[in-house]
Amino acid sequence: MSDIKLLAGNSNRALSEAIAAYLGLPLAKCQVRRFADMEIFVEIQENVRGLDTFIIQSTSFPANDHLMELLIMTDALRRASARRITAVVPYFGYARQDRKPAPRAPISAKLVANLITRAGVDRVLTLDLHAGQIQGFFDIPTDNLFGAPVMVRDIKERLDLNNVMVISPDVGGVVRARALAKRIDAPLAIVDKRRERAGESEVMNIIGDVAGKSCILVDDIVDSGGTLCNAAEALLAKGAKEVRAYITHGVLSGGAVARIASSKLKELVVTDSIQPTEAVRVAKNIRVISIAPLMGEAIGRTAKEESVSSLFD
Ligand code: R5P
């Protein structure tokens, strides 16, 4: 792996360092800072000519800045004759507009995929894309890893699986939740949620008998926390014993942490695909598990041209 260079944008320095530690490699010297007017300044301070380069950057809040850092770092590597550039994007932002449900709507996920590709990225490594079809928005090799194996390990270590039921918080998340339920041999229930207006969520029905069950809500994103907290209330109202949630991407914007802290959720587990804020770190019912070994292993295998398929198991 002597011809690998790992580079970190500013979105998630802690995860980048953990991935580098997993691989036993240093992060390349690279400045990503701001001009006085807040334009992004990038300077790669090591030779990358002919090297296999990996930029680790989630396009999380502030998404526009972090996306732009990724694009400019890619441009710098391309002009410095890197042999291959892989964008390692543990959280792929702008993913929620992934189709055109109404006239005059954009498909932001496709636009961002185009931007990343046109900037000069050769391949993408990401995690739990909001919708599977976003993988096809890239016309370059794209590996979409699953957070489920990391979550399943944690669930098996901590919970009694005999009384567990996996819950999809909406109809759209059934495939993801069913996949996790299968891995732990647990039954599945579905919250039939209707969202009347953007940013608001409303729980309607629970499909399945959750009475007396330890429920695990599974989703890709927790943003405002509305979906989760409403689902937890609805499940408890139907007699669930307790409700936890395992969510890959802890977006947790606005008052989400406070909402979750005062909710009936016993615990929310998120990965470090997005760097946890101080509020998340100190929250009593939020715990962060790391995807650094998973991402690190995938980077190492990509560099050695080995299969990554067993990482999906
Ligand atoms: C929706 O399709 C997603 O999978 C999440 O359920 C949603 O983004 C969560 O948003 P919030 O936490 O704001 O309810």
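The values are calculated or read from the model by the stated rules, or taken from the named source; none is laboratory data. Predicted, not measured: the structure shown is a model, and the values here were computed from it. Heads up, the Cβs are rebuilt from the backbone with ideal geometry, glycines too, and the neighbour counts pull from every protein chain shown. Note: accessible area is taken over every heavy atom of the protein model, side chains too, but ligands, DNA and RNA are not part of it. Shrake-Rupley method; radii C 1.70, N 1.55, O 1.52, S 1.80 Å.
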For region 126-135, check the following and say yes or no: at least one residue is open to solvent by 40 Å² or more (accessible area, probe 1.4 Å), in contact with a Leu (Cβ under 7 Å, 6 or more places away or on another chain), closer than 21 Å to Ala298 by Cα and not assigned by TED's automatic domain parsing to the domain that holds Leu180. yes
Which of the residues spanning region 224-252 are touching a strand residue (DSSP E or B) at 6+ places or on another chain (Cβ under 9 Å), part of a loop (DSSP other than H, G, I, E, B) and within 16 Å of the ligand (Cβ to nearest atom)? Gly225, Val251, Leu252
Applying the selection to region 29-46, what residues are among the charged types (D, E, K, R), part of a loop (DSSP other than H, G, I, E, B) and either under 11 Å from Leu7 (Cβ atoms) or open to solvent by less than 70 Å² (accessible area, probe 1.4 Å) (or both)? Lys29, Glu46
Unique match (being outside the structural domain of Ala8 (by TED's automatic domain parsing) and open to solvent by less than 20 Å² (accessible area, probe 1.4 Å)) among Ile216, Ile221, Ile190: Ile216
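If we keep just the residues of region 193-213 that are open to solvent by less than 70 Å² (accessible area, probe 1.4 Å) and at pLDDT 90 or above, which is nearest to Ala256 (Cα to Cα)? Spell out how you get there, then give the answer.
First, the residues of region 193-213 that are open to solvent by less than 70 Å² (accessible area, probe 1.4 Å): 193, 199, 201, 203, 206, 208, 210-213.
If we keep only those that are at pLDDT 90 or above too, we end up with 206, 208, 210-213.
Working: Ile206: 23, Gly208: 28, Val210: 25, Ala211: 27, Gly212: 27, Lys213: 26 Å.
Here the residue is Ile206.
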Of all residues in region 87-118, how many are open to solvent by less than 10 Å² (accessible area, probe 1.4 Å) and β-branched (Val, Ile, Thr)? 4
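When the residues of region 170-187 are narrowed to those that are of a type outside the set (Gly, Ala, Ser) and closer than 17 Å to Leu268 by Cβ, which ends up surrounded by the most Cβ atoms within 10 Å (Cβ to Cβ)? First the steps, then the outcome.
Taking region 170-187 first, the residues of a type outside the set (Gly, Ala, Ser) are 170-171, 174-176, 178, 180, 182-185, 187.
Narrowing further to those that are closer than 17 Å to Leu268 by Cβ: 170, 176, 180.
Values: Asp170: 18, Arg176: 20, Leu180: 22.
Step by step, filter region 170-187, then rank; the result is Leu180.
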Only one of Ile155, Ile167 that is assigned by TED's automatic domain parsing to the domain that holds Ala234, hydrophobic (A, V, I, L, M, F, W, C), more than 16 Å from the ligand (Cβ to nearest atom) and open to solvent by less than 30 Å² (accessible area, probe 1.4 Å): Ile155
Residues (closer than 18 Å to Ile140 by Cα, hydrophobic (A, V, I, L, M, F, W, C) and open to solvent by less than 10 Å² (accessible area, probe 1.4 Å)) located in region 47-72: Phe54, Ile55, Ile56, Leu70
Considering region 1-28 alone, what residues qualify as being surrounded by fewer than 21 Cβ atoms within 10 Å (Cβ to Cβ) and part of a loop (DSSP other than H, G, I, E, B)? Met1, Ser2, Asp3, Asn10, Gly24, Leu25, Pro26
In the list Glu267, Glu242, Glu278, which residue meets the criterion of being surrounded by fewer than 21 Cβ atoms within 10 Å (Cβ to Cβ) and free of Cβ contacts under 8 Å to residues at least 12 places away in the same chain? Glu278
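State yes or no: is Arg287 outside any helix (DSSP H, G or I) and without any contact (Cβ under 8 Å) to a residue 24 or more places away in the chain?
Numbers: outside any helix (DSSP H, G or I): yes; without any contact (Cβ under 8 Å) to a residue 24 or more places away in the chain: yes.
Yes, satisfied.
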Arg259 passes all but one of the listed conditions (1) within 18 Å of the chain's Cα centre (by Cα); (2) within 10 Å of the ligand (Cβ to nearest atom); the exception is number (1)
